[in-house]
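Since the structure comes first, as structure tokens, the remarks are kept for the end.
The values are calculated or read from the model by the stated rules, or taken from the named source; none is laboratory data. For clarity, every value in this text was computed on a predicted model and none was experimentally measured. Side chains included, ligands, DNA and RNA excluded: accessible areas come from the protein's heavy atoms. Shrake-Rupley method; radii C 1.70, N 1.55, O 1.52, S 1.80 Å.
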Amino acid sequence: MRELTPEQVAVLNELAAAAKSYDINGVTVVIAAIATTPFCAGPRALAHRMRDRDGLDVLFLVVQMGDKTHVIGRSRLPQVNAGKVLEPLGGGAT
């Protein structure tokens, strides 16, 4: 796994601090939302890193960077299709 830059580590720590867990139909879903001033390359990689590091089954991140907002979903559970959840927002491709 590629090493994170200092900026990515800072954003990952912000996301972890902002994370909230919800029980939805017996599934723990973690959602973290932050606004960050510096541009952080690779928000999708941060979703993978956070999911793996914290042992999360379902994770959604909302990261606002400047005038762009990234919404990223990851799921290890077959009953939660993160791509399908994000389709109304134009996501689900990756």
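Listing for the model above:
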read-out	value
Extension gain (nm, one decimal) between T37 and K68, 0.36 nm per residue minus Cα-Cα	10.1 nm
The chain, accessible surface, carbon-and-sulfur percent (1.4 angstrom probe)	53
Antiparallel %, DSSP beta bridges [both residues in the chain], to 5	60
Between helix 6-18 and the chain: long-axis angle, C-alpha atoms, 0 to 90°, nearest 10	40
Contact order normalised by residue count of the chain, Cα under 8 Å, 6+ apart, percent	20
Surface per residue (accessible, 1.4 Å probe) for the chain, Å²	63
Volume of the Cα convex hull of the chain, divided per residue and given in Å³	101
Computed lengthening from E3 to A16, 0.36 nm per intervening residue step minus Cα-Cα distance	2.9 nm
